[in-house]
Amino acid sequence: MSAPSSHREPWIHLSRKQALSPVWSILIRVLGLVLGLAACSALAFLLIEPLRDDPSRIGEFYKCFWDGSFSMESYIWEFIMNSAVLLCIALALTPVFRMRYWNTGAEGQVLMGVLAAIAVNFYLGGRYDASIKLPWDQVTLLMLAASLIAGTVWALIPALFKVKWNTNETLFTLMMNYVAMHAVDYCRAVWVPNGSMVLSKLTDRERLRSGILYKLHGIFPSLGKYNDHLLIALIVLFVTALMFVYLKYTKHGYEINVVGESHNTARYAGINVKKAILRTVALSGLICGLAGWLLGAGIDRTVSPESAKGWGFTAILVAWLAKFNPVMMIVTSALITFLSAGKDQITQVFNVKGALPDVFIGVVLLFVIGSEFFVNYSVHFKKPGKGAHLHV
């Protein structure tokens, strides 16, 4: 006679949801955002002195998020522009991430795109030598070409090592970010040796060169008061449409998905895996270079190690939250930009110093990311003393 089994059924277990309607998926994510904002305000009440002294200002705390993006016309256009550039970088990461190639080097690839654009403007726009000054339309096209090439080359270097020697692309691309930052520092030191001096102490030629550290002339065609913002948004929307079609309806988009699922399956299907990796990484670098051109030619019109603004890393979150869907990335990039602008407004209104506003945003994003769990999984609870289960 066998001994009775000591196995007991767990009181809680998980199961993957087979399908969830789009409406419920949206509602769960919105609930995660609302709960995140609530937790964020509770934390703010504990840590921000003006809120502790006057709890009625909690409404003002929430209002900061809206005011940071939509309280003024200039804020609205800045919100659109920043969302567009962030979206552009997220689009660059989408094909390689779908292929399970973990490119963490978008920051450096964008930065090299900025550097290439500014270098063309510096040498061919009359700043290095006033006698060498091409028409603005030619300079614009050359800046674009240089940015695209620089971003592509910078992305392909780790990819070549990956397909040749199977190196770790995550670490390789991450280290390339720091190489790009030092390359910018080197170029700035070469272009403007006395750049740290005040302008009044520079010679005429040094003063001309010093524009590389401040602002180059805008080179986008005039479309109105906020011409740069509008043109950037239109360009990125066009790229978004192209990326959606490329991934969903083209042979290359299909190959990206197959390679991402299994290299062996891809080879069995007759796909050249190495060629697919190089082609997809080149596309990723190309779009990062485009983002660098938008920053260098249309927004900042200067270059520094911080020109990419950390968006190369933030774009990973944007792409992941949208499940690498180019259309959904419009929403997620707008959400991240909205929260970031609200953070800056909180810093101003409540005179918060240090990294505390970033903690608030981190709390909100933690809840948003956590909501993905309930989109994909059901939680089952066993009723005490019964075999039935409750589930959420």
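Bear in mind these aren't lab numbers, they're just calculated from the coordinates by the rules spelled out. Quick caveat, the model's predicted, so the values are computed rather than measured. Cβ: placed from backbone, ideal geometry, glycine included. Neighbour counts: every protein chain shown.
Relative to the longest principal axis of the Cα atoms of the chain, the long axis of helix 136-165 lies at roughly 50 degrees.
Computed on the Cα atoms alone, the convex hull of region 278-392 gives a volume of 188 cubic angstrom per residue. Ordered by the number of other Cβ atoms lying within 10 Å of each residue's own Cβ, fewest first, S83, S131 fall into the sequence S131, S83. Dipole check for region 1-134: with +1 at the C-beta of Lys and Arg, -1 at the C-beta of Asp and Glu, and the Cα centre as origin, the magnitude is about 720 Debye.
Using the rule -39500 (n - 2.57) for each DSSP H run of four or more residues, divided by the residues of the chain, the 222 nm mean residue ellipticity is -23000 deg cm²/dmol. Residues M329, M72, M112 in ascending order of nearby Cβ atoms (within 10 Å, fewest first): M72, M329, M112.
Could you work out the equivalent-ellipsoid semi-axes for region 97-178, taking the square root of 5 times each eigenvalue of the Cα gyration tensor, largest first, in whole Å? Working shown, then result.
Details: eigenvalues 210, 24, 18 Å².
Gyration-tensor ellipsoid for region 97-178: 32, 11, 9 Å.
With contacts taken as Cα pairs under 8 Å and at least 6 residues apart, the chain reaches a relative contact order of 35 percent.
Kirkwood Rh, the chain, all Cα pairs: how many Å?
Values: mean 1/r = 0.0423 Å⁻¹.
Evaluated on the chain, it is 23.6 Å.
Using every pair of distinct Cα positions in region 47-95, the Kirkwood expression returns a hydrodynamic radius of 13.1 angstrom. Comparing Cα centroids, region 141-171 and region 324-358 end up 30 angstrom apart. The modelled label-to-label distance for the pair N264/M175, using points 7 Å beyond Cα in the direction of Cβ, is 3.0 nm. As a length-normalised measure over Cα pairs under 8 Å and 6 or more apart, the relative contact order of region 30-181 settles at 21 percent.
Residue pairs exceeding 22 angstrom between C-alpha atoms, taken from K17/K248; K309/K343; K162/K323; K164/K275; K251/K323: K17/K248; K162/K323. Within straight-line reach of K274, meaning a Cα separation under 19 Å, sit the following aspartates and glutamates at least 8 residues removed in sequence or on another chain: E169, E255, E261.
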